[in-house]
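Reviewing the structure listed below.
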Amino acid sequence: MASGTSRYLRYILFAFFGLTVIYFISSSSTQRLPSANDILNGGKTSWSQGAQSPVSGGKAPADSQVAPVVPAATSPATTPNTAASLPPATAPGERMNATFVTLARNSDIWEIARSIRQVEDRFNRKFHYDWVFLNDKPFDATFKKVTTALVSGKTHYGEIAKEHWSFPDHIDQEKARKVREDMAQRKIIYGDSISYRHMCRFESGFFFRQPLMMNYEWYWRVEPSIELFCDIDYDAFKFMADNKKKYSFVLSLYEYVETIPTLWDSTKKFIKEHPEHIAEGNSMGFLSDDGGETYNHCHMWSNFEIGNLNWLRSKAYIDYFESLDADGGFFYERWGDAPVHSIAASLLLKKEEIHFFNDIAYYHVPFTHCPTGEKTRLDLKCHCNPKDNFDWKGYSCTSRFFELNGMEKPEGYENQQD
Ligand SMILES: *[C@@H]1O[C@H](CO)[C@@H](O)[C@H](O)[C@H]1NC(C)=O
(Lines give C-alpha, C1' and ligand atoms only; values in the text may rest on other atoms or scores of the structure.)
Protein backbone atom coordinates (compact mmCIF):
# COMPACT_ATOMS: atom_id res chain seq x y z
CA MET A 1 0.00 0.00 0.00
CA ALA A 2 2.67 2.48 1.12
CA SER A 3 5.03 1.54 -1.69
CA GLY A 4 2.16 1.85 -4.16
CA THR A 5 1.55 5.42 -3.04
CA SER A 6 5.18 6.43 -3.26
CA ARG A 7 5.48 4.94 -6.75
CA TYR A 8 2.47 7.00 -7.66
CA LEU A 9 4.04 10.11 -6.23
CA ARG A 10 7.31 9.51 -8.06
CA TYR A 11 5.32 9.14 -11.26
CA ILE A 12 3.63 12.48 -10.74
CA LEU A 13 6.93 14.16 -9.93
CA PHE A 14 8.51 12.81 -13.13
CA ALA A 15 5.55 13.91 -15.18
CA PHE A 16 5.65 17.35 -13.62
CA PHE A 17 9.40 17.65 -14.21
CA GLY A 18 8.95 16.59 -17.82
CA LEU A 19 6.20 19.12 -18.41
CA THR A 20 8.30 21.87 -16.85
CA VAL A 21 11.20 21.09 -19.19
CA ILE A 22 8.90 21.10 -22.21
CA TYR A 23 7.35 24.36 -21.14
CA PHE A 24 10.76 25.89 -20.58
CA ILE A 25 12.03 24.89 -23.99
CA SER A 26 8.91 25.94 -25.84
CA SER A 27 8.57 29.28 -24.07
CA SER A 28 12.21 30.17 -24.52
CA SER A 29 12.02 29.41 -28.22
CA THR A 30 8.77 31.33 -28.78
CA GLN A 31 10.41 34.26 -27.07
CA ARG A 32 12.87 34.38 -29.92
CA LEU A 33 10.18 34.65 -32.57
CA PRO A 34 9.59 38.21 -33.69
CA SER A 35 5.97 39.27 -33.49
CA ALA A 36 4.24 41.03 -36.35
CA ASN A 37 4.52 44.16 -34.30
CA ASP A 38 8.31 43.80 -34.04
CA ILE A 39 8.60 43.56 -37.77
CA LEU A 40 6.31 46.53 -38.34
CA ASN A 41 8.24 48.57 -35.83
CA GLY A 42 11.54 47.58 -37.36
CA GLY A 43 12.27 45.54 -34.24
CA LYS A 44 12.26 48.50 -31.88
CA THR A 45 10.98 46.37 -29.02
CA SER A 46 12.87 44.69 -26.26
CA TRP A 47 12.49 41.25 -27.83
CA SER A 48 15.88 41.65 -29.44
CA GLN A 49 17.36 41.51 -25.96
CA GLY A 50 16.37 37.86 -25.75
CA ALA A 51 19.72 36.96 -27.28
CA GLN A 52 21.47 38.25 -24.15
CA SER A 53 19.09 36.89 -21.59
CA PRO A 54 20.36 34.10 -19.34
CA VAL A 55 17.48 31.83 -20.41
CA SER A 56 18.57 31.38 -23.98
CA GLY A 57 22.09 32.79 -23.85
CA GLY A 58 24.93 30.60 -25.13
CA LYS A 59 22.89 27.76 -26.52
CA ALA A 60 20.50 26.91 -29.31
CA PRO A 61 22.41 28.48 -32.21
CA ALA A 62 19.65 27.19 -34.51
CA ASP A 63 17.24 29.49 -32.75
CA SER A 64 19.26 32.57 -33.51
CA GLN A 65 18.34 32.25 -37.16
CA VAL A 66 14.83 33.36 -36.38
CA ALA A 67 15.83 36.04 -33.90
CA PRO A 68 15.38 39.52 -35.35
CA VAL A 69 18.69 40.91 -36.52
CA VAL A 70 18.43 44.37 -35.02
CA PRO A 71 20.47 46.47 -32.59
CA ALA A 72 19.58 46.01 -28.95
CA ALA A 73 16.84 48.34 -27.80
CA THR A 74 17.37 50.62 -24.84
CA SER A 75 14.75 48.94 -22.65
CA PRO A 76 16.06 46.85 -19.76
CA ALA A 77 16.48 43.08 -20.00
CA THR A 78 13.46 42.23 -17.90
CA THR A 79 10.14 40.67 -18.81
CA PRO A 80 8.94 42.53 -21.88
CA ASN A 81 5.76 44.49 -21.44
CA THR A 82 3.51 42.72 -23.91
CA ALA A 83 0.70 45.25 -23.50
CA ALA A 84 2.27 47.29 -26.27
CA SER A 85 1.46 44.57 -28.77
CA LEU A 86 -2.20 44.23 -27.81
CA PRO A 87 -4.66 45.91 -30.17
CA PRO A 88 -5.59 49.45 -29.13
CA ALA A 89 -8.68 49.64 -26.93
CA THR A 90 -9.66 53.07 -28.14
CA ALA A 91 -13.30 54.00 -28.33
CA PRO A 92 -14.27 54.98 -31.86
CA GLY A 93 -15.68 58.38 -32.73
CA GLU A 94 -14.64 62.02 -32.67
CA ARG A 95 -12.76 63.54 -29.76
CA MET A 96 -13.93 66.58 -27.87
CA ASN A 97 -11.84 69.68 -27.36
CA ALA A 98 -11.15 68.69 -23.77
CA THR A 99 -8.49 68.13 -21.14
CA PHE A 100 -8.02 66.91 -17.62
CA VAL A 101 -6.60 69.56 -15.32
CA THR A 102 -4.73 69.15 -12.07
CA LEU A 103 -3.27 71.66 -9.69
CA ALA A 104 -0.41 69.94 -7.87
CA ARG A 105 2.92 70.41 -6.15
CA ASN A 106 5.96 68.32 -6.94
CA SER A 107 5.54 66.59 -3.58
CA ASP A 108 2.07 65.38 -4.63
CA ILE A 109 3.53 63.11 -7.30
CA TRP A 110 2.58 59.71 -5.82
CA GLU A 111 -0.86 60.89 -4.76
CA ILE A 112 -1.60 62.28 -8.22
CA ALA A 113 -0.11 59.17 -9.82
CA ARG A 114 -2.77 57.11 -8.01
CA SER A 115 -5.52 59.39 -9.29
CA ILE A 116 -4.24 59.29 -12.87
CA ARG A 117 -4.00 55.48 -12.82
CA GLN A 118 -7.65 55.26 -11.78
CA VAL A 119 -8.86 57.81 -14.31
CA GLU A 120 -6.94 56.00 -17.04
CA ASP A 121 -8.16 52.52 -16.07
CA ARG A 122 -11.79 53.51 -15.75
CA PHE A 123 -12.05 56.04 -18.58
CA ASN A 124 -9.16 57.63 -20.38
CA ARG A 125 -7.40 54.54 -21.73
CA LYS A 126 -10.26 54.43 -24.22
CA PHE A 127 -10.25 58.15 -25.04
CA HIS A 128 -6.68 59.45 -24.59
CA TYR A 129 -7.58 62.97 -23.56
CA ASP A 130 -4.78 65.40 -22.71
CA TRP A 131 -3.83 66.41 -19.19
CA VAL A 132 -2.73 69.86 -18.06
CA PHE A 133 -0.76 70.13 -14.81
CA LEU A 134 -0.50 73.49 -13.07
CA ASN A 135 1.80 74.53 -10.22
CA ASP A 136 2.93 77.80 -8.67
CA LYS A 137 6.53 76.45 -8.89
CA PRO A 138 8.23 74.71 -11.84
CA PHE A 139 7.49 70.99 -12.07
CA ASP A 140 10.53 68.80 -11.51
CA ALA A 141 11.81 66.05 -13.81
CA THR A 142 10.35 63.18 -11.75
CA PHE A 143 6.88 64.71 -11.72
CA LYS A 144 6.92 65.16 -15.49
CA LYS A 145 8.41 61.74 -16.22
CA VAL A 146 5.98 59.77 -14.04
CA THR A 147 2.83 61.64 -15.09
CA THR A 148 3.74 61.52 -18.78
CA ALA A 149 4.21 57.77 -18.54
CA LEU A 150 0.80 57.33 -16.90
CA VAL A 151 -1.36 59.59 -19.08
CA SER A 152 -2.49 58.09 -22.40
CA GLY A 153 -3.05 61.53 -23.94
CA LYS A 154 -0.56 64.39 -24.21
CA THR A 155 0.64 66.07 -21.02
CA HIS A 156 1.32 69.78 -20.57
CA TYR A 157 2.96 71.53 -17.64
CA GLY A 158 2.27 75.14 -16.72
CA GLU A 159 3.69 77.49 -14.12
CA ILE A 160 1.13 79.85 -12.66
CA ALA A 161 1.82 83.57 -13.05
CA LYS A 162 2.58 85.42 -9.83
CA GLU A 163 -0.48 87.69 -10.08
CA HIS A 164 -2.73 84.61 -10.10
CA TRP A 165 -1.16 83.25 -6.93
CA SER A 166 -0.68 86.21 -4.58
CA PHE A 167 -2.48 88.91 -2.65
CA PRO A 168 -4.09 91.54 -4.88
CA ASP A 169 -2.88 95.08 -4.08
CA HIS A 170 -6.13 96.16 -2.46
CA ILE A 171 -5.85 93.55 0.32
CA ASP A 172 -4.94 94.97 3.74
CA GLN A 173 -2.19 92.59 4.84
CA GLU A 174 -2.58 93.43 8.52
CA LYS A 175 -6.30 92.70 8.47
CA ALA A 176 -5.73 89.44 6.55
CA ARG A 177 -3.07 88.33 9.06
CA LYS A 178 -5.39 88.95 12.02
CA VAL A 179 -8.07 86.85 10.32
CA ARG A 180 -5.66 83.94 9.93
CA GLU A 181 -4.59 84.15 13.58
CA ASP A 182 -8.17 84.26 14.72
CA MET A 183 -9.18 81.31 12.52
CA ALA A 184 -6.18 79.31 13.73
CA GLN A 185 -7.34 79.84 17.32
CA ARG A 186 -10.85 78.79 16.43
CA LYS A 187 -9.36 75.69 14.75
CA ILE A 188 -11.07 76.31 11.42
CA ILE A 189 -9.75 73.92 8.81
CA TYR A 190 -7.00 75.64 6.72
CA GLY A 191 -8.04 78.83 8.55
CA ASP A 192 -4.43 79.95 9.07
CA SER A 193 -3.16 78.94 5.62
CA ILE A 194 -2.04 81.52 3.07
CA SER A 195 -1.38 79.00 0.29
CA TYR A 196 -4.82 77.41 0.71
CA ARG A 197 -6.34 80.85 0.14
CA HIS A 198 -4.23 81.41 -2.98
CA MET A 199 -5.38 78.01 -4.19
CA CYS A 200 -9.08 78.81 -3.64
CA ARG A 201 -8.74 82.16 -5.41
CA PHE A 202 -6.84 80.55 -8.27
CA GLU A 203 -9.45 77.80 -8.75
CA SER A 204 -12.22 80.41 -8.51
CA GLY A 205 -10.85 82.91 -10.95
CA PHE A 206 -7.78 81.86 -12.91
CA PHE A 207 -7.28 78.18 -13.75
CA PHE A 208 -9.52 78.41 -16.83
CA ARG A 209 -7.55 81.31 -18.29
CA GLN A 210 -4.06 79.84 -17.97
CA PRO A 211 -2.38 79.91 -21.39
CA LEU A 212 -2.44 76.09 -21.63
CA MET A 213 -6.13 75.94 -20.76
CA MET A 214 -7.01 78.46 -23.49
CA ASN A 215 -6.48 75.61 -25.98
CA TYR A 216 -9.55 73.73 -24.72
CA GLU A 217 -13.28 74.08 -24.35
CA TRP A 218 -13.97 71.38 -21.73
CA TYR A 219 -12.18 70.38 -18.53
CA TRP A 220 -12.32 67.60 -15.98
CA ARG A 221 -10.69 68.48 -12.68
CA VAL A 222 -8.72 65.78 -10.89
CA GLU A 223 -7.08 66.09 -7.48
CA PRO A 224 -4.46 63.90 -5.81
CA SER A 225 -5.62 60.72 -4.01
CA ILE A 226 -9.06 60.45 -5.51
CA GLU A 227 -10.66 57.14 -6.45
CA LEU A 228 -13.00 56.15 -9.26
CA PHE A 229 -15.02 53.01 -8.59
CA CYS A 230 -16.95 52.30 -11.80
CA ASP A 231 -16.21 52.02 -15.50
CA ILE A 232 -17.11 55.08 -17.54
CA ASP A 233 -17.73 53.57 -20.95
CA TYR A 234 -18.94 56.68 -22.74
CA ASP A 235 -17.34 60.04 -23.43
CA ALA A 236 -18.41 62.19 -20.49
CA PHE A 237 -17.27 65.37 -22.30
CA LYS A 238 -19.40 64.52 -25.32
CA PHE A 239 -22.32 63.77 -23.02
CA MET A 240 -21.98 67.29 -21.61
CA ALA A 241 -21.86 68.88 -25.06
CA ASP A 242 -24.67 66.78 -26.56
CA ASN A 243 -26.96 67.52 -23.62
CA LYS A 244 -26.11 71.24 -23.39
CA LYS A 245 -24.58 70.89 -19.92
CA LYS A 246 -22.07 73.45 -18.66
CA TYR A 247 -21.25 72.25 -15.15
CA SER A 248 -21.47 68.96 -13.30
CA PHE A 249 -20.92 67.33 -9.91
CA VAL A 250 -21.02 64.03 -8.04
CA LEU A 251 -21.09 65.16 -4.39
CA SER A 252 -22.79 68.08 -2.69
CA LEU A 253 -22.86 69.21 0.93
CA TYR A 254 -23.17 72.16 3.30
CA GLU A 255 -20.20 74.53 3.56
CA TYR A 256 -18.65 75.42 6.94
CA VAL A 257 -20.37 78.69 7.64
CA GLU A 258 -17.29 80.09 9.46
CA THR A 259 -15.37 80.18 6.18
CA ILE A 260 -17.95 82.25 4.24
CA PRO A 261 -19.89 84.53 6.65
CA THR A 262 -20.27 87.35 4.09
CA LEU A 263 -20.15 85.43 0.78
CA TRP A 264 -23.91 85.66 0.40
CA ASP A 265 -23.94 89.41 1.10
CA SER A 266 -21.36 89.86 -1.66
CA THR A 267 -23.43 87.65 -3.94
CA LYS A 268 -26.60 89.62 -3.29
CA LYS A 269 -24.73 92.84 -4.06
CA PHE A 270 -23.59 91.28 -7.38
CA ILE A 271 -27.17 90.21 -8.21
CA LYS A 272 -28.35 93.78 -7.64
CA GLU A 273 -25.54 95.29 -9.72
CA HIS A 274 -25.71 92.75 -12.55
CA PRO A 275 -29.27 91.53 -12.96
CA GLU A 276 -28.46 90.92 -16.65
CA HIS A 277 -26.21 87.99 -15.69
CA ILE A 278 -28.80 86.08 -13.65
CA ALA A 279 -30.26 83.28 -15.76
CA GLU A 280 -33.97 82.69 -16.11
CA GLY A 281 -34.90 79.31 -14.69
CA ASN A 282 -31.77 79.17 -12.52
CA SER A 283 -31.11 76.99 -9.47
CA MET A 284 -31.62 79.58 -6.74
CA GLY A 285 -33.78 76.94 -5.03
CA PHE A 286 -30.66 74.83 -4.54
CA LEU A 287 -28.91 77.67 -2.67
CA SER A 288 -31.68 79.29 -0.73
CA ASP A 289 -34.86 78.26 1.05
CA ASP A 290 -36.30 81.77 1.13
CA GLY A 291 -36.01 82.95 -2.45
CA GLY A 292 -32.49 84.31 -2.09
CA GLU A 293 -32.70 86.21 1.19
CA THR A 294 -30.33 83.79 2.97
CA TYR A 295 -27.89 81.11 1.81
CA ASN A 296 -28.45 77.54 3.01
CA HIS A 297 -24.70 76.78 2.43
CA CYS A 298 -25.38 74.04 -0.13
CA HIS A 299 -22.65 73.63 -2.69
CA MET A 300 -21.34 71.10 -5.17
CA TRP A 301 -17.96 69.71 -4.24
CA SER A 302 -15.52 71.18 -6.74
CA ASN A 303 -12.61 68.76 -6.36
CA PHE A 304 -14.50 66.81 -9.04
CA GLU A 305 -15.84 68.90 -11.91
CA ILE A 306 -16.50 68.38 -15.57
CA GLY A 307 -17.37 71.72 -17.05
CA ASN A 308 -17.26 74.16 -19.90
CA LEU A 309 -14.27 76.53 -19.90
CA ASN A 310 -15.94 79.05 -22.18
CA TRP A 311 -18.67 79.46 -19.59
CA LEU A 312 -16.06 80.23 -16.91
CA ARG A 313 -14.44 82.65 -19.36
CA SER A 314 -17.77 84.39 -20.04
CA LYS A 315 -18.38 87.99 -18.98
CA ALA A 316 -21.04 86.83 -16.52
CA TYR A 317 -18.67 84.53 -14.62
CA ILE A 318 -15.71 86.92 -14.75
CA ASP A 319 -17.85 89.79 -13.48
CA TYR A 320 -18.97 87.60 -10.58
CA PHE A 321 -15.41 86.54 -9.72
CA GLU A 322 -14.08 90.10 -9.94
CA SER A 323 -16.84 91.41 -7.75
CA LEU A 324 -16.04 88.77 -5.10
CA ASP A 325 -12.32 89.38 -5.42
CA ALA A 326 -12.83 93.13 -4.88
CA ASP A 327 -14.76 92.38 -1.68
CA GLY A 328 -11.69 90.54 -0.37
CA GLY A 329 -13.35 87.49 1.18
CA PHE A 330 -10.76 85.09 -0.22
CA PHE A 331 -8.38 86.66 2.34
CA TYR A 332 -10.57 88.35 4.96
CA GLU A 333 -12.53 85.11 5.33
CA ARG A 334 -11.62 81.84 3.67
CA TRP A 335 -13.96 81.54 0.70
CA GLY A 336 -13.61 78.20 -1.05
CA ASP A 337 -13.80 77.72 -4.78
CA ALA A 338 -16.56 75.13 -4.29
CA PRO A 339 -19.22 77.56 -3.03
CA VAL A 340 -18.02 80.17 -5.55
CA HIS A 341 -18.38 77.79 -8.52
CA SER A 342 -21.66 76.40 -7.19
CA ILE A 343 -23.27 79.77 -6.60
CA ALA A 344 -22.13 80.92 -10.04
CA ALA A 345 -23.46 77.78 -11.74
CA SER A 346 -26.73 77.99 -9.82
CA LEU A 347 -27.39 81.63 -10.68
CA LEU A 348 -25.71 82.21 -14.05
CA LEU A 349 -26.82 78.96 -15.72
CA LYS A 350 -30.25 77.55 -16.42
CA LYS A 351 -30.96 74.69 -14.10
CA GLU A 352 -30.92 72.16 -16.94
CA GLU A 353 -27.30 73.11 -17.63
CA ILE A 354 -26.05 71.51 -14.40
CA HIS A 355 -25.62 67.74 -14.39
CA PHE A 356 -25.37 65.20 -11.59
CA PHE A 357 -23.28 62.19 -12.68
CA ASN A 358 -24.81 59.27 -10.78
CA ASP A 359 -22.67 56.84 -12.77
CA ILE A 360 -19.29 58.42 -11.96
CA ALA A 361 -18.41 56.81 -8.65
CA TYR A 362 -15.92 58.93 -6.77
CA TYR A 363 -14.04 59.29 -3.52
CA HIS A 364 -12.19 62.27 -2.12
CA VAL A 365 -11.43 62.15 1.55
CA PRO A 366 -13.76 61.90 3.46
CA PHE A 367 -16.79 61.42 1.14
CA THR A 368 -17.86 58.78 -1.36
CA HIS A 369 -20.34 58.89 -4.17
CA CYS A 370 -21.28 55.27 -4.99
CA PRO A 371 -24.12 54.93 -7.53
CA THR A 372 -27.50 54.11 -6.08
CA GLY A 373 -29.02 51.04 -7.69
CA GLU A 374 -27.45 47.59 -7.74
CA LYS A 375 -27.95 47.08 -11.47
CA THR A 376 -25.95 50.22 -12.26
CA ARG A 377 -23.15 49.11 -9.95
CA LEU A 378 -22.93 45.64 -11.46
CA ASP A 379 -23.22 46.84 -15.06
CA LEU A 380 -20.44 49.36 -14.52
CA LYS A 381 -18.18 46.91 -12.61
CA CYS A 382 -18.16 49.17 -9.55
CA HIS A 383 -16.08 48.27 -6.52
CA CYS A 384 -17.43 50.81 -4.01
CA ASN A 385 -19.44 49.82 -0.96
CA PRO A 386 -23.00 51.16 -1.45
CA LYS A 387 -23.18 51.80 2.30
CA ASP A 388 -20.55 54.52 1.87
CA ASN A 389 -22.72 56.50 -0.56
CA PHE A 390 -23.13 60.03 0.79
CA ASP A 391 -25.89 61.20 -1.60
CA TRP A 392 -28.95 60.60 0.57
CA LYS A 393 -27.47 61.27 3.98
CA GLY A 394 -28.50 64.27 6.04
CA TYR A 395 -25.43 66.39 5.30
CA SER A 396 -25.73 66.02 1.51
CA CYS A 397 -27.59 68.53 -0.68
CA THR A 398 -28.17 66.09 -3.53
CA SER A 399 -31.80 65.37 -2.54
CA ARG A 400 -32.46 69.07 -2.86
CA PHE A 401 -30.97 69.07 -6.37
CA PHE A 402 -33.25 66.19 -7.37
CA GLU A 403 -36.32 67.88 -5.95
CA LEU A 404 -35.53 71.24 -7.55
CA ASN A 405 -35.15 69.58 -10.95
CA GLY A 406 -38.17 67.33 -10.57
CA MET A 407 -35.94 64.27 -10.92
CA GLU A 408 -36.94 60.91 -9.63
CA LYS A 409 -34.50 59.54 -7.04
CA PRO A 410 -32.84 56.27 -8.03
CA GLU A 411 -34.32 53.05 -6.77
CA GLY A 412 -32.98 52.04 -3.38
CA TYR A 413 -32.16 55.54 -2.12
CA GLU A 414 -34.40 55.13 0.95
CA ASN A 415 -32.06 52.44 2.27
CA GLN A 416 -29.07 54.76 2.15
CA GLN A 417 -30.33 57.64 4.22
CA ASP A 418 -28.19 56.92 7.27
C1 LIG B 1 -10.63 74.37 -28.58
O2 LIG B 1 -11.27 75.37 -27.82
C3 LIG B 1 -10.53 76.58 -27.69
C4 LIG B 1 -11.31 77.47 -26.76
O5 LIG B 1 -12.62 77.65 -27.18
C6 LIG B 1 -10.30 77.18 -29.07
O7 LIG B 1 -9.55 78.36 -28.96
C8 LIG B 1 -9.57 76.19 -29.93
O9 LIG B 1 -9.42 76.70 -31.23
C10 LIG B 1 -10.33 74.86 -29.99
N11 LIG B 1 -9.54 73.88 -30.70
C12 LIG B 1 -10.06 73.11 -31.62
C13 LIG B 1 -9.14 72.13 -32.23
O14 LIG B 1 -11.21 73.18 -31.99
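The values are calculated or read from the model by the stated rules, or taken from the named source; none is laboratory data. The shown structure was predicted, so the numbers you read here are calculated from the model rather than taken from an experiment. Here Cβ is always computed from backbone atoms with ideal geometry, including for glycine, and neighbour counts include all displayed protein chains. Surface accessibility is based on the protein's heavy atoms, side chains included, excluding ligands, DNA and RNA. Shrake-Rupley method; radii C 1.70, N 1.55, O 1.52, S 1.80 Å.
Give me the tail of P(r) for region 98-415 as a percent: Cα-Cα pairs with distance above 24 Å.
When all Cα pairs of region 98-415 are counted, 54 percent exceed 24 Å.
How high is the relative contact order of region 98-415, in percent, counting Cα pairs under 8 Å that sit 6 or more residues apart?
21
How about region 217-317: which trypsin sites (Lys or Arg not before Pro) there are in a DSSP loop, with at most 16 other Cβ atoms within 10 Å of their Cβ?
Here the sparse-neighbourhood loop sites are LYS244, ARG313.
At 0.36 nm per residue, minus the direct Cα-Cα distance, what do ARG114 and GLU258 gain on full extension? Give it in nm, one decimal, please.
48.6 nm is the gain from fully extending ARG114 to GLU258.
With every protein chain left in place, what is the accessible area per residue of region 98-415 in square angstrom, probe 1.4 Å?
42
Quote the FRET efficiency, to the nearest 0.05, computed for TYR157 versus ASP233 with a Förster distance R0 of 35 Å and r equal to the Cβ-Cβ distance.
Approximately 0.75, to the nearest 0.05.
Which trypsin sites (Lys or Arg not before Pro) from region 378-418 combine a DSSP loop assignment with at most 12 other Cβ atoms within 10 Å?
LYS381
Where does each of 124-131, 316-323, 372-379, 401-408 land if you order them by average Cβ count within 10 Å, highest first?
Per-residue mean Cβ counts within 10 Å order the peptides as 124-131, 316-323, 372-379, 401-408.
About the Cα centre of region 98-415, how large is the charge dipole given +1 on each Lys and Arg Cβ and -1 on each Asp and Glu Cβ? Please answer in debye to the nearest 20.
Magnitude of the dipole: close to 740 debye.
Under 14 Å from a label point 7 Å along Cα→Cβ of ASN97: give me every residue in region 308-352 with its amide N that close.
So the set is 308-314.
Between ALA279 and GLU181, what is the FRET efficiency for a Förster distance of 35 Å, r being their Cβ-Cβ separation, to the nearest 0.05?
E(calc), rounded to 0.05, equals 0.30.
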